[in-house]
Amino acid sequence: MCLSLATSVAAQPRHGIAMHGEPALSSDFQHFSYVNPAVKKGGTINYGVVGTFDAVNPFVLKGMRTSARGIWDPEFGNLLYETLMTRSADEPFSLYGLLAKTVEWDEDRTYVQFNLDPAARWSDGKPVTPEDVIFTYELLRDKGRPPFSSRLAGVDKMEKIGEHGVKFTFNDKANRETPLIFATATPVLPKHAIDPEKFDQGGLGIPVGSGPYKIKELKPGDKVTWERDPNYWAKDIPAKVGFDNYDQITVTYFLQEATLFEAFKKGAIDVYPDGDATHWARAYDFPAAQNGDVIKETVKPGLPTGMLGFVFNTRRPVFADPKVREALSVAFDFEWLNKTLFGSAFTRTQSYWQNSSLGAHGNAADERELALLGPAKDRLPPEILAGTYTQSATDGSGGDRKALGKAVKLLGEAGYKISGGKMLDKDGRPLSFEVMSKNEGQEKMALAFQRSLKLIGIDMAIRTVDDAQYQARSNSFDYDMVIMSYTSSLSPGAEQLNRWGSQSRDANGSFNYAGVADPDIDRMIEALLQARSADDFTAAVRAYDRLLVAGHYVVPLYHIGEQWVARWKHIGRPDKQPLYGYQRPTWFDARVQ
């Protein structure tokens, strides 16, 4: 990559960019619709999380999942490092200026130029420069973890333009989403404050950022305290009005979820997102919840369901055969689990983009989609093409003979048979594997699965490990099966390469937990990345969804369709909830209003 002065190609600088079509907000917008623009800043909030931390660099493998929360954080906000542009939570995929005041590109998106805001500053007062941007991409290429390390693969040239511009000219490895990824998926790091030689070595030195907060105190594994920077350069730009409202944010770490909830009940933690239906229904009988000091809220975002489930590590020979994966999925008694553990509160998930126009479930493949699939359509069951496929259901008895019989039949087609009460392959080896879990909730679901499989002679072990071991083994794919959640948005894009693309199968630290390497899946990811129209995009995502479901890479669990969150009443929020659900960086301390 080169750093040089050059003349910009004539283009009209724009305030925003959308994946498809135009951004909803005009260039004179004053703030996002889901904030309180008149909010008075001040006060505090105390967050709680389960886990630990021993680093402040989430961009390298060593600190990937053990960095202090808030540094690079979709839930609490990017408190320390910022991106060139920022996303609107009320649009599928539209970006507006942050470090970059304007952006330029051509119709084919062969390049993008970001024009930095001259006012942008690091917390030590030094300006944010094009040199910082170029330094960041080169540093992450050489020292970063996936996907940051591969971003420059799609760049032919990177150059400084004038005093404030930085231009990326793309090669044939890029796609139409690439400019948006460069705008919002990579932090900008301070060249003057980072030693490249030590960047990947971890540590807990207090970093310099451009964001709204600075680290006040670090207690490794216990607590990180953030204080709002009164000199934050972007506090008045439109995309940041109504955000970053607390003077102090504290994130406290707990070893167990139960301990975290007890701290919430006592008022030591201010917000508790809840994902357990039984817990949500029964656990809020303490005085503060009964007298109104704690508020329970149900939020319905306009998002797809995503996918939570038991993930097969297909790198392991035991799960290489899709017939085996399908058989185990059929044997799983979701109906018994849902009734016994969750009071029948949940709905079984049928696809990765269920409850949206992007999902294959309930939508038959049209001619556009069939053309995209090409010969791959011949490997898909008719019901998946028709959009009528559903996960195998049981009678909820905990021992449905029909379902178990179907599972045994599928395993027979894969070369297994029951002998002496054990499921054996053609060489007499038992079908056995281990599920790695990380908490009591996962362990309970695994025990239910274990119970079903034992009925047909399959030995499934369960190993619950601590957070550090869980993260290390997840990074290196050291497990047979693991329970994972794949979030889905209305704008799936390059992140799919890191989840399901062949290039990520053997990249430690990627999110390709299932170990998938399928040329047809690669083609569908490329199709959704290159789609120019909304119709082409929808067709590509649906085709992709069908291939993932047909591959039986995951035993689907459930989705809620809602966000459940409890908060102490002194934590206020704007009246409007955007498309992507509640946004904690827009909340505020009502005691100072």
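The values are calculated or read from the model by the stated rules, or taken from the named source; none is laboratory data. Everything numeric here is computed off the predicted structure, so don't read it as measured data. Here the Cβ is made from the backbone with ideal geometry for all residues, glycine too, and neighbour counts use every protein chain on show.
Has the stretch 385-400 got any residue that is in a helix (DSSP H, G or I), within 22 Å of F310 (Cα to Cα) and either assigned by TED's automatic domain parsing to the domain that holds A543 or touching a strand residue (DSSP E or B) at 6+ places or on another chain (Cβ under 8 Å) (or both)?
Residues of the stretch 385-400 in a helix (DSSP H, G or I): 385-386.
With within 22 Å of F310 (Cα to Cα) added as a condition, the list becomes none.
No, the stretch 385-400 contains no residue that is in a helix (DSSP H, G or I), within 22 Å of F310 (Cα to Cα) and either assigned by TED's automatic domain parsing to the domain that holds A543 or touching a strand residue (DSSP E or B) at 6+ places or on another chain (Cβ under 8 Å) (or both).
Can you name the residue in the stretch 204-261 that is over 25 Å from the mean Cα position of the chain (by Cα) and among the small types (G, A, S) and is also modelled with the lowest pLDDT among such residues?
Taking the candidates together, the pick is G205.
T390 is checked against (1) surrounded by fewer than 17 Cβ atoms within 10 Å (Cβ to Cβ); (2) of a type in the set (S, T, N, Q); (3) modelled with pLDDT under 95 and fails just one. What number does that condition carry?
Checking T390 against (1) surrounded by fewer than 17 Cβ atoms within 10 Å (Cβ to Cβ); (2) of a type in the set (S, T, N, Q); (3) modelled with pLDDT under 95, the one that fails is (3).
Go through the stretch 516-559 residue by residue and tally those that are over 20 Å from the mean Cα position of the chain (by Cα) and under 30 Å from D276 (Cβ atoms).
Number satisfying all stated conditions: 2.
Which of the numbered conditions does V251 fail, given that it passes all the others? Conditions: (1) closer than 18 Å to E75 by Cβ; (2) free of Cβ contacts under 8 Å to residues at least 12 places away in the same chain.
That leaves (2) as the condition not met.
Can you name the number of the only condition in (1) at pLDDT 95 or above; (2) in contact with a strand residue (DSSP E or B) (Cβ under 7 Å, 6 or more places away or on another chain); (3) among the aliphatic types (A, V, I, L, M) that A38 fails?
Every listed condition holds for A38 apart from (2).
Residues checked against (1) closer than 21 Å to V56 by Cβ; (2) part of a helix (DSSP H, G or I); (3) not acidic (D, E):
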{"site": "F76", "(1), (2), (3)": "yes, no, yes"}
{"site": "D108", "(1), (2), (3)": "no, no, no"}
{"site": "A119", "(1), (2), (3)": "no, no, yes"}
{"site": "E131", "(1), (2), (3)": "no, yes, no"}
{"site": "D156", "(1), (2), (3)": "no, no, no"}
{"site": "E159", "(1), (2), (3)": "no, no, no"}
{"site": "A174", "(1), (2), (3)": "no, no, yes"}
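Any chance the stretch 473-487 includes a residue that's at pLDDT 95 or above, assigned to a strand (DSSP E or B), in contact with a helix residue (DSSP H, G or I) (Cβ under 6 Å, 6 or more places away or on another chain) and under 21 Å from A407 (Cβ atoms)?
Scanning the stretch 473-487 turns up at least one residue that is at pLDDT 95 or above, assigned to a strand (DSSP E or B), in contact with a helix residue (DSSP H, G or I) (Cβ under 6 Å, 6 or more places away or on another chain) and under 21 Å from A407 (Cβ atoms).
Looking at the stretch 37-52 only, could you name the residues that are surrounded by 20 or more Cβ atoms within 10 Å (Cβ to Cβ) and outside any strand (DSSP E or B)?
Correct list: V39 only.
Yes or no: E107 surrounded by fewer than 23 Cβ atoms within 10 Å (Cβ to Cβ), at pLDDT below 95 and not β-branched (V, I, T)? Let's see the steps before the verdict.
Numbers: surrounded by fewer than 23 Cβ atoms within 10 Å (Cβ to Cβ): yes; at pLDDT below 95: yes; not β-branched (V, I, T): yes.
It is true that E107 is surrounded by fewer than 23 Cβ atoms within 10 Å (Cβ to Cβ), at pLDDT below 95 and not β-branched (V, I, T).
Determine which member of the set A55, A11 is outside the structural domain of G509 (by TED's automatic domain parsing), farther than 23 Å from T129 by Cα and either buried (at least 17 other Cβ atoms within 10 Å of the Cβ) or of a type outside the set (V, I, T) (or both).
Values: A11 fails: farther than 23 Å from T129 by Cα.
Criteria check complete, one pass: A55.
Pairs, please: C-beta under 7 Å, at least 6 apart or cross-chain, first residue of a type in the set (S, T, N, Q) and in the stretch 530-542, second assigned to a loop (DSSP other than H, G, I, E, B) and buried (at least 24 other Cβ atoms within 10 Å of the Cβ)?
What qualifies is T538/L358.
Kindly establish whether V482 is of a type outside the set (F, W, Y), surrounded by fewer than 19 Cβ atoms within 10 Å (Cβ to Cβ) and in contact (Cβ under 8 Å) with a residue 12 or more places away in the chain.
Judged against the criteria, V482 is not a match.
Can you name the residue in the stretch 428-442 that is at pLDDT 95 or above and either surrounded by fewer than 20 Cβ atoms within 10 Å (Cβ to Cβ) or aromatic (F, W, Y) (or both) and, of all such residues, is nearest to D466 (Cα to Cα)?
Within the stretch 428-442, the subset at pLDDT 95 or above is 428-437.
From the residues that got through so far, the ones that are either surrounded by fewer than 20 Cβ atoms within 10 Å (Cβ to Cβ) or aromatic (F, W, Y) (or both) too are 428-430, 432-434.
Values: G428: 34, R429: 31, P430: 29, S432: 23, F433: 20, E434: 16 Å.
Ranking the candidates gives E434 first.
Of all the helices (runs of 4 or more DSSP H) wholly in the stretch 232-335, which have at least 2 residues that are closer than 28 Å to N46 by Cβ, in the same structural domain as L99 (by TED's automatic domain parsing) and out of contact with any helix residue (DSSP H, G or I) (no Cβ under 6 Å at 6 or more places or on another chain)? Steps first, answer last, please.
Numbers: elements: 257-265, 277-282, 287-290, 322-331.
Once the helices (runs of 4 or more DSSP H) in the stretch 232-335 are filtered for at least 2 residues that are closer than 28 Å to N46 by Cβ, in the same structural domain as L99 (by TED's automatic domain parsing) and out of contact with any helix residue (DSSP H, G or I) (no Cβ under 6 Å at 6 or more places or on another chain), nothing remains.
Conditions first: (1) within 29 Å of A327 (Cβ to Cβ); (2) surrounded by fewer than 24 Cβ atoms within 10 Å (Cβ to Cβ). E495 passes all but one, so which condition is the exception?
(1) is the only condition that E495 fails.
Just for the stretch 561-576: of the residues that are out of contact with any Phe, Trp or Tyr (no Cβ under 7 Å at 6 or more places or on another chain) and on the phi < 0 side of the Ramachandran plot, which one is modelled with the lowest pLDDT?
Initially, the stretch 561-576 is screened for residues out of contact with any Phe, Trp or Tyr (no Cβ under 7 Å at 6 or more places or on another chain), giving 561-562, 567-570, 575.
This time we only want the ones that are on the phi < 0 side of the Ramachandran plot, so: 562, 567-570, 575.
On the way: E562: 87, R567: 98, W568: 98, K569: 98, H570: 98, D575: 95.
Among those that are out of contact with any Phe, Trp or Tyr (no Cβ under 7 Å at 6 or more places or on another chain) and on the phi < 0 side of the Ramachandran plot, it is E562.
With respect to G70, is the statement that it is in contact with a Lys or Arg (Cβ under 9 Å, 6 or more places away or on another chain), at positive phi and touching a residue at least 24 places away in the same chain (Cβ under 8 Å) true? Break it down into steps so the answer makes sense when it comes.
Values: in contact with a Lys or Arg (Cβ under 9 Å, 6 or more places away or on another chain): no; at positive phi: yes; touching a residue at least 24 places away in the same chain (Cβ under 8 Å): yes.
It is false that G70 is in contact with a Lys or Arg (Cβ under 9 Å, 6 or more places away or on another chain), at positive phi and touching a residue at least 24 places away in the same chain (Cβ under 8 Å).
Tally up the residues in the stretch 176-196 that are assigned to a loop (DSSP other than H, G, I, E, B) and under 19 Å from N78 (Cα atoms), please.
6
Looking at T225, T186 in this structure, which one is outside the structural domain of A263 (by TED's automatic domain parsing) and not aliphatic (A, V, I, L, M)?
On the way: T225 fails: outside the structural domain of A263 (by TED's automatic domain parsing).
Testing whether each residue is outside the structural domain of A263 (by TED's automatic domain parsing) and not aliphatic (A, V, I, L, M) leaves just T186.
Within the stretch 305-343, work out how many residues are in contact with a strand residue (DSSP E or B) (Cβ under 7 Å, 6 or more places away or on another chain), of a type in the set (A, V, I, L, M, F, W, C) and within 20 Å of L431 (Cα to Cα).
Matching residues across the stretch 305-343 total 7.
To keep it simple, each residue is scored yes or no on (1) under 20 Å from L308 (Cα atoms); (2) more than 18 Å from the chain's Cα centre (by Cα).
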| residue | (1), (2) |
| --- | --- |
| R429 | no, yes |
| A446 | yes, yes |
| Q450 | yes, yes |
| A472 | no, yes |
| V482 | yes, no |
| Q503 | no, yes |
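Scan the stretch 88-98 residue by residue and report those that are closer than 27 Å to V56 by Cα and surrounded by fewer than 23 Cβ atoms within 10 Å (Cβ to Cβ).
Of everything in the stretch 88-98, just one residue is closer than 27 Å to V56 by Cα and surrounded by fewer than 23 Cβ atoms within 10 Å (Cβ to Cβ), namely A89.
How many of the residues making up the stretch 566-593 are part of a strand (DSSP E or B) and not aliphatic (A, V, I, L, M)?
Matching residues across the stretch 566-593 total 5.
With respect to F76, is the statement that it is at pLDDT below 95, buried (at least 17 other Cβ atoms within 10 Å of the Cβ) and within 30 Å of F261 (Cα to Cα) true? Lay out the reasoning, then the answer.
Working: at pLDDT below 95: no; buried (at least 17 other Cβ atoms within 10 Å of the Cβ): yes; within 30 Å of F261 (Cα to Cα): yes.
For F76, the condition - at pLDDT below 95, buried (at least 17 other Cβ atoms within 10 Å of the Cβ) and within 30 Å of F261 (Cα to Cα) - is not met.
I'd like to verify a number: residues in the stretch 504-561 that are surrounded by fewer than 20 Cβ atoms within 10 Å (Cβ to Cβ), of a type in the set (S, T, N, Q) and either in contact with a Pro (Cβ under 9 Å, 6 or more places away or on another chain) or assigned to a helix (DSSP H, G or I) (or both), how many?
Going through the stretch 504-561 one residue at a time, the tally reaches 2.
Could you pull out the residue among Y232, Y213, Y246 that is aromatic (F, W, Y) and surrounded by fewer than 21 Cβ atoms within 10 Å (Cβ to Cβ)? Walk me through it before giving the result.
Numbers: Y213 fails: surrounded by fewer than 21 Cβ atoms within 10 Å (Cβ to Cβ); Y246 fails: surrounded by fewer than 21 Cβ atoms within 10 Å (Cβ to Cβ).
After ruling out the rest, the residue left standing is Y232.
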